[in-house]
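See structure below.
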Amino acid sequence: MDIQKVKKILLMGNPNVGKSVVFSRLTGANVIASNYPGSTIEFTKGLMRIEGSKKELIDVPGTYSLEPTNTAEEVAVEMLEEGDLIINVVDSTNLERNLFLTLELLQRDTPVVVALNMWDEAKHNGITINTDELEKLLGVPVVPIVALTGEGIKTLLSRLEETHTPTDVSQNDAEKWIHIGEIIKKVQKIEHRHHTIWEKISDATVKPTTGLPIGLGVILLTFFFIRFIGEGLIGHVIEPIFDLYTPVVMEISHALGPGIFRDIIVGRLIEGNIDYVQSMGLLTTGFFVPLGMVLPYILAFYFGLSILEDTGYLPRLSVLADTIFHKFGLHGCGIVSVFLGLGCNVPGALSTRILETRKQRFISATLMAISIPCMAQIAMIFGILGSYGMEYVLMVFIALIVTYVSGGLILNRYIAGESPELFLDIPPYRKPYSKALLKKTWMRVRIFLTEAIPFVFLGVLFINILYAVGIIDMLGAFFSPVVCGIWGLPKEAAAALLIGFLRKDMAIGMLLPLGMSPNQLVIAATVLTIYFPCVATFAVLVRELGIQDMAKSILLMIAAALIVGGIMRLILLGF
Amino acid sequence: MELALTNLQPKQKARILRLEGGSGFQKNIRSRGILEGKIVEVMTRQPVGGPIVISIDKRNTAIGRGMASRIIVTV
């Protein structure tokens with residue numbers, strides 16, 4: 001085929017075959033995450049160069065067959081129509097079941113090249129595959145590669161042009177499996193090898209007796225890793241930078257003089273000084289909240305999450321969590337939206353696509369929107385409540401966990417629909433590939449930077465204008481029956497709830513100047529998490545759930561905020 | 001002896017005889033390498049009705065008990 005005519009190349013394969021590592025190898029630094037980078041679900045696009053011309057390379061979500069069982073796989077099948085050439089990434093250590101998708105792809109009329117990835121691991125496991133014979137049997141180029149080290153990538157690229165539109169080999173499923181059996185018999189030899197240490201660790205991490213304590217340990221370790229890195233970056237990098245920056249802003253402040261302009265650009269001075277959280281100016285709070293308080297934790301979180309994903313630990317956690325999540329009408333994979341939601345609710349909402357039914361997606365998305373605070377919000381909760389003592393931070397999290405669990409039990413009972421069981425591959429543990437790890441972390445952090453800063457700026461601008469024209473007072477008066485009457489908070493807290501729709505991290509910062517007691521702050525921080533999603537999450541949820549289900553979901557959020565906030569008020573403040 | 005996969009205990013091995021259920025279910029199960037004639041080993045059974053982790057060709061898969069009960073094996 002004429003490689004010059006190819007514009008879009010698709011990377012397709014089963015889940016966990018190292019597709020994203022192949023993707024990192026083939027593309028440059030300029031990678032675009034379409035939708036949003038979570039795990040497995042969204043696709044990423046990048047540019048690659050072949051013989052001087054640029055091609056678009058698309059990393060299609062992993063799928064076992066072309067008959068989709070969930071929305072993520074549906075996306076994969078839809079994308080198939082767009083490609084001019086398919087690179088089918090196959091796991092050499094697991095050739096037999098991977099070949100089913102390969103045969104399905106060969107039935108379509110898009111040219112295919114097969115990349116036998118993890119060739120080294122196959123050798124190590126005592127598996128030998130006769131590639132020449134496999135190539136003859138499939139009728140398309142077959143290239144062994146090791147994406148992790150880059151071995152075979154050049155050959156793969158040079159052989160792309162050898163492929164052609166496959167000749168029709170229509171077979172039904174039964175015929176395909178028979179065909180695969182014959183192919184395997186001809187091309188693959190397996191020598192028996194003993195269990196490796198990694199296989200033993202793999203067993204230990206899914207066995208309930210050892211797996212549950214290990215799982216708890218991994219979660220705690222991740223938490224302390226994030227805190228350690230986050231605090232380290234703030235203490236050693238961020239604060240010194242802002243110390244240099246302060247005199248500059250003070251100069252600007254003097255130059256502007258008092259008035260509405262200074263209030264918007266620099267913010268109000270607190271006792272003659274800039275207070276980066278409370279001043280509420282574009283150049284002070286507008287920069288400090290996203291960059292100084294949140295970014296370090298976001299970086300640490302996404303790095304940690306990428307490690308958990310790329311080593312293959314997350315599926316094991318899903319297995320261990322399955323029993324509990326089943327009670328919520330979900331299955332073990334529901335824990336993925338919790339994990340991703342802790343980073344940012346947007347990918348958390350998108351990750352509900354890996355669940356099979358509408359009921360599961362509704363419950364998982366609603367529970368996440370209600371009770372999972374994003375990393376930006378968590379960083380602010382630690383920053384603001386943490387100064388009064390960790391027990392207050394803990395109270396917020398306990399309230400949210402109780403909300404998630406009771407919400408799950410209730411929704412499972414009253415939401416109609418099916419809750420299919422867990423059916424999940426557990427890949428062997430793998431060493432993460434540093435370049436793919438960094439690329440993934442950077443992609444996710446970049447989205448935070450491009451989305452958070454404009455929204456915080458907008459929020460700062462908005463809040464200053466609303467204060468200036470007196471709308472905040474009006475809103476405070478209007479919402480005071482709920483804010484004061486039910487939650488026991490000062491009526492000015494209504495302004496934070498309003499800004500929470502734009503950025504929840506900033507909204508928590510706004511609670512600080514209101515002079516609340518630590519117990520009131522606990523209630524306010526919890527209610528801010530529950531009452532409504534931020535605008536970015538809201539937009540994604542409407543798209544994922546549809547307007548009708550979203551309306552239901554919103555009613556549940558508001559009800560949960562009223563009930564949980566009300567109960568906490570009774571417990572923490574009395575009447 | 002014919003029995004459902006759910007009846008196997010950890011470390012027990014068996015050969016898969018047939019799959020019971022609709023064609024969609026069967027296709028889904030087979031696409032993960034759970035095929036008639038394969039040797040399957042139960043790795044763990046999660047407590048309180050949780051999923052079973054099985055191993056076929058040294059590859060592990062977690063599967064709910066309802067689905068596993070429709071996979072018929074012979075010891």
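Among A:Leu424, A:Leu394, A:Leu400, which is the only one that is farther than 30 Å from A:Tyr64 by Cβ, out of contact with any Asp or Glu (no Cβ under 7 Å at 6 or more places or on another chain) and crowded, with 17+ Cβ neighbours inside 10 Å?
Numbers: A:Leu424 fails: farther than 30 Å from A:Tyr64 by Cβ; A:Leu394 fails: crowded, with 17+ Cβ neighbours inside 10 Å.
Testing whether each residue is farther than 30 Å from A:Tyr64 by Cβ, out of contact with any Asp or Glu (no Cβ under 7 Å at 6 or more places or on another chain) and crowded, with 17+ Cβ neighbours inside 10 Å leaves just A:Leu400.
Looking at segment A:427-438, which of its residues are away from every other protein chain (no Cβ under 14 Å), surrounded by 14 or more Cβ atoms within 10 Å (Cβ to Cβ) and in a loop (DSSP other than H, G, I, E, B)?
Residues satisfying the conditions are A:Pro432, A:Tyr433.
Under 9 Å between Cβ atoms, at least 6 apart or on separate chains: pull out the pairs that start in segment A:188-214 with a residue that is facing chain B (nearest Cβ under 9 Å) and end on any residue that is loosely packed, with under 15 Cβ neighbours inside 10 Å and assigned to a strand (DSSP E or B).
Listed by first residue and then by second, the contacts come to A:Ile190/A:Thr128.
Pick from A:Val336, A:Val294: which is within 27 Å of the chain's Cα centre (by Cα), farther than 21 Å from A:Ile229 by Cα and hydrophobic (A, V, I, L, M, F, W, C)? Spell out the reasoning first.
Working: A:Val294 fails: farther than 21 Å from A:Ile229 by Cα.
Sole residue among the options that is within 27 Å of the chain's Cα centre (by Cα), farther than 21 Å from A:Ile229 by Cα and hydrophobic (A, V, I, L, M, F, W, C): A:Val336.
Quick test of your reading of the structure: A:Val393 fulfils all but one of (1) in contact (Cβ under 8 Å) with a residue 60 or more places away in the chain; (2) assigned to a helix (DSSP H, G or I). Name the failing condition by number.
Failing condition for A:Val393: (1).
If you check A:Ile523, A:Ile554, A:Ile567, which single one turns out to be in a helix (DSSP H, G or I), without any contact (Cβ under 8 Å) to a residue 24 or more places away in the chain, surrounded by 18 or more Cβ atoms within 10 Å (Cβ to Cβ) and of a type outside the set (Phe, Trp, Tyr)?
Details: A:Ile523 fails: without any contact (Cβ under 8 Å) to a residue 24 or more places away in the chain; A:Ile567 fails: surrounded by 18 or more Cβ atoms within 10 Å (Cβ to Cβ).
Among A:Ile523, A:Ile554, A:Ile567, only A:Ile554 is in a helix (DSSP H, G or I), without any contact (Cβ under 8 Å) to a residue 24 or more places away in the chain, surrounded by 18 or more Cβ atoms within 10 Å (Cβ to Cβ) and of a type outside the set (Phe, Trp, Tyr).
Return the residues of segment A:77-102 that are more than 10 Å from chain B (Cβ to nearest Cβ), surrounded by fewer than 20 Cβ atoms within 10 Å (Cβ to Cβ) and farther than 20 Å from A:Met1 by Cα; say none if nothing qualifies.
Those that are more than 10 Å from chain B (Cβ to nearest Cβ), surrounded by fewer than 20 Cβ atoms within 10 Å (Cβ to Cβ) and farther than 20 Å from A:Met1 by Cα: A:Val77, A:Glu78, A:Met79.
Using the structure shown, decide if A:Leu283 is more than 29 Å from A:Ile426 (Cβ to Cβ) and more than 24 Å from the chain's Cα centre (by Cα). Working first, answer last.
On the way: more than 29 Å from A:Ile426 (Cβ to Cβ): yes; more than 24 Å from the chain's Cα centre (by Cα): yes.
The answer is yes for A:Leu283.
Given the residues A:Arg503, A:Arg543, which is the only one that is closer than 27 Å to A:Ala365 by Cα, modelled with pLDDT under 95 and out of contact with any helix residue (DSSP H, G or I) (no Cβ under 7 Å at 6 or more places or on another chain)?
Values: A:Arg503 fails: out of contact with any helix residue (DSSP H, G or I) (no Cβ under 7 Å at 6 or more places or on another chain).
Just one listed residue meets the conditions, A:Arg543.
Quick one: which strands (runs of 3 or more DSSP E) lie wholly within chain B and hold at least 3 residues that are within 13 Å of chain A (Cβ to nearest Cβ), in contact (Cβ under 8 Å) with a residue 12 or more places away in the chain and buried (at least 21 other Cβ atoms within 10 Å of the Cβ)?
Details: elements: B:2-4, B:13-19, B:39-45, B:52-56, B:59-63, B:71-74.
Answer list for chain B: B:59-63.
Kindly check whether there is at least one residue in segment A:189-201 that is more than 35 Å from the chain's Cα centre (by Cα), under 24 Å from B:Ala62 (Cβ atoms) and of a type in the set (Phe, Trp, Tyr).
No.
Report whether or not A:Arg413 is of a type in the set (Lys, Arg) and either within 14 Å of chain B (Cβ to nearest Cβ) or not in a helix (DSSP H, G or I) (or both). Talk me through it step by step, then tell me what you get.
Working: of a type in the set (Lys, Arg): yes; either within 14 Å of chain B (Cβ to nearest Cβ) or not in a helix (DSSP H, G or I) (or both): no.
It is false that A:Arg413 is of a type in the set (Lys, Arg) and either within 14 Å of chain B (Cβ to nearest Cβ) or not in a helix (DSSP H, G or I) (or both).
So is A:Thr441 buried (at least 18 other Cβ atoms within 10 Å of the Cβ) and under 30 Å from A:Thr357 (Cβ atoms) or not? Full working, then the answer.
Details: buried (at least 18 other Cβ atoms within 10 Å of the Cβ): yes; under 30 Å from A:Thr357 (Cβ atoms): no.
The answer is no for A:Thr441.
Identify all residues within segment A:472-498 that are aliphatic (A, V, I, L, M), assigned to a helix (DSSP H, G or I) and in contact with a Leu (Cβ under 9 Å, 6 or more places away or on another chain); write none if there are none. Step through it out loud before you land on a result.
Let us first name the residues in segment A:472-498 that are aliphatic (A, V, I, L, M), namely A:472, A:474-475, A:477, A:482-483, A:486, A:489, A:493-498.
Filter once more, keeping what is assigned to a helix (DSSP H, G or I): A:472, A:474-475, A:477, A:482-483, A:486, A:493-498.
Answer for segment A:472-498, where residues must be aliphatic (A, V, I, L, M), assigned to a helix (DSSP H, G or I) and in contact with a Leu (Cβ under 9 Å, 6 or more places away or on another chain): A:Ile472, A:Leu475, A:Val482, A:Val483, A:Ile486, A:Ala493, A:Ala494, A:Ala495, A:Ala496, A:Leu497, A:Leu498.
Please indicate, with yes or no, whether at least one residue in segment A:217-225 is closer than 28 Å to A:Leu299 by Cβ, among the β-branched types (Val, Ile, Thr) and in contact with a Pro (Cβ under 7 Å, 6 or more places away or on another chain). Quick ask: steps written out before the conclusion?
Step one: filter segment A:217-225 for residues closer than 28 Å to A:Leu299 by Cβ, giving A:217-225.
Subset that is among the β-branched types (Val, Ile, Thr): A:218-219, A:222.
Add one more test, that the residue is in contact with a Pro (Cβ under 7 Å, 6 or more places away or on another chain), and what stays is none.
No, segment A:217-225 has no match at all.
Please pick out the residue among A:Ala72, A:Ala115 that is modelled with pLDDT under 85, within 28 Å of the chain's Cα centre (by Cα) and more than 13 Å from chain B (Cβ to nearest Cβ). Give the steps one after another, and end with the answer.
Working: A:Ala115 fails: modelled with pLDDT under 85.
Every option except A:Ala72 fails the conditions.
Is there a residue in segment A:256-266 that is of a type in the set (Lys, Arg) and either part of a loop (DSSP other than H, G, I, E, B) or modelled with pLDDT of 90 or more (or both)?
So in segment A:256-266, the residues of a type in the set (Lys, Arg) come out as A:262.
Restricting the remaining residues to those that are either part of a loop (DSSP other than H, G, I, E, B) or modelled with pLDDT of 90 or more (or both) gives none.
Within segment A:256-266, not a single residue is of a type in the set (Lys, Arg) and either part of a loop (DSSP other than H, G, I, E, B) or modelled with pLDDT of 90 or more (or both).
Of all residues in segment A:74-100, how many are under 15 Å from A:Lys45 (Cα atoms) and either assigned to a strand (DSSP E or B) or of a type outside the set (D, E, K, R) (or both)?
Residues in segment A:74-100 being under 15 Å from A:Lys45 (Cα atoms) and either assigned to a strand (DSSP E or B) or of a type outside the set (D, E, K, R) (or both): 8 in total.
Among A:Leu157, A:Leu134, which is among the hydrophobic types (A, V, I, L, M, F, W, C), buried (at least 17 other Cβ atoms within 10 Å of the Cβ) and more than 28 Å from B:Lys27 (Cα to Cα)? Steps first, answer last, please.
On the way: A:Leu134 fails: more than 28 Å from B:Lys27 (Cα to Cα).
Only one candidate passes the filter, namely A:Leu157.
Please indicate, with yes or no, whether at least one residue in segment A:233-244 is touching a residue at least 60 places away in the same chain (Cβ under 8 Å) and over 30 Å from A:Ile127 (Cα atoms).
First, the residues of segment A:233-244 that are touching a residue at least 60 places away in the same chain (Cβ under 8 Å): A:233-234.
If we keep only those that are over 30 Å from A:Ile127 (Cα atoms) as well, we get A:233-234.
Yes - at least one qualifying residue is present in segment A:233-244.
The values are calculated or read from the model by the stated rules, or taken from the named source; none is laboratory data. Quick caveat: nothing in here was measured; it's all calculated off a predicted structure. Quick reminder, even Gly has a Cβ in these numbers, built from the backbone with ideal geometry, and neighbours come from all protein chains shown.
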